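Here the structure comes first, spelled out in structure tokens, and everything after it is commentary.
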Amino acid sequence: MKPKVLITRKIAEPIIEKIQEYADVDVWDQEDVQIPRDILENKISEIDGLFCLITESIDASLIDKAPNLKVISNMAVGYNNIDVDTATKKGIMVTNTPEVLTETTADLTFALLMATARRLVEASDFLRDGKWETWSPNLLTGQDIYGATIGIIGMGRIGEAVARRTKGFNMNLLYHNRSRKPDVEQELGTTYVSMETLLSESDFVVVITPYTAETKNLITAEQLKLMKKNAILINTARGGIVNEADLYEALVNGVIWGAGLDVFEKEPVPADHPLLTLPNVVTLPHIGSASIATRMKMAELAAENLILALKGEKPKHLVNKIDFS
Ligand code: GLV
């Protein structure tokens, strides 16, 4: 008998067909609609493999309802939506999709940095609203990127890819990470500094670190106060790393100059969220890895991880820190 798999969102048909070679597949196929929790709870009791997205909270209470589950394959590099400890205790493999999205997410991070510094969204709205009357010396002036100091918090794969992009802009590069990266320091001429130094010396602070108990609320009023008045904060990691109420206050009171946010504490961010009212914030709906090619690669890799696990082999990207063999 084939194992049973649930895919929690519509993905490309050839990828579903590939999974179908090994498993009986059930797809929640309402495009852009999240699978309701009660349906997920119902279906999970039957399945051996789960292909899910960051929108699904795979917590202990859900895992408890899944006696046959062998693998949770997340179509994302981040996996803070999954209770990995509980999964591990139950012998369930958890997999993710790193590497394939690194450059695409770094592209978006840089695009957001540039859009925020040069007020691109505000400028485009200004023009479309018919407000452009004349070229003017002080019209929509922003911050320079070329030659500025950038501080990257989190020198993982994506942090490194962002760091590489700064070279074309002759930026002075600082970083902070759990551990030092001497190879990166040598290759990119970057300097490891304390959080305090990074915050106080950077014109751009880029948050690109995993969301864990240690990084929750990493940036609060205390850290924002250390930043320069002309500084811009960019977050393309997870919303909960930056305290949103504190960020709002800092932006309103001129403690920092601007922010570019691809991620929010609660997603989708409510339309009446205070941060969405500020002109000095560029906001995006969590599209870091959203290129056509990369989303396809992520789905392919998530399928590959799922199939290998169901076959009893080691998936390419196992998150649990134990050996299942
Ligand atoms: C998206 O945020 C991901 O973690 O891949």
*Given 10/70; 266/314; 10/316; 2/65; 181/216, the pairs whose alpha carbons are separated by over 28 Å*: 266/314
_Mean projected area in nm² (Cα convex hull; one quarter of hull surface) for the stretch 40-103_ = 4.0 nm²
_Between the stretch 69-112 and the stretch 161-240, how far is it from one alpha carbon centroid to the other, in angstrom?_
22 Å
*Which residue fluctuates the most in the chain, going by a Gaussian network model with Cα springs under 10 Å, if the choices are 177, 235, 74?*
177
*Net charge near residue 252: determine it from the other residues with C-beta under 13 Å of the C-beta of residue 252, scoring Lys and Arg +1 and Asp and Glu -1.*
-3
*Compactness index (Cα Rg / 2.2 N^0.38 Å), the stretch 102-283*: 1.01
*Taking 0.36 nm per residue of separation and subtracting the Cα-Cα distance, what length does fully extending residue 68 through residue 221 add?*
50.5 nm
_If each DSSP helix of 4+ residues adds -39,500 (n - 2.57) and the sum is divided by the residues in the chain, what number results at 222 nm, nearest 500 deg cm²/dmol?_
-9500 deg cm²/dmol
*Taking the chain as the region of interest, what is the percent of Cα-Cα pairs per 20 angstrom bin, listed from the shortest bin to the one with the maximum distance?*
30, 52, 18, 1
_For residue 178, distant residues with modelled amide H under 5 Å away_ = 155
*What helices does the chain hold that run 15 Å or longer along their axis, going by alpha-carbon atoms, with a Kyte-Doolittle average of 0.0 or more, using DSSP H for the helix calls?*
102-117, 292-310
*Hey, with R₀ at 22 Å, roughly what FRET efficiency would residue 323 and residue 179 work out to, going by the Cβ-Cβ distance, to 0.05?*
0.40
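Every number here is computed from the coordinates shown, using simple stated rules; none is lab data. Since the structure is predicted, the reported quantities are computational estimates derived from the model, not experimental observations. Methodologically, a virtual Cβ is constructed for each residue, glycine included, from the backbone with ideal geometry; neighbour enumeration extends over all protein chains shown.
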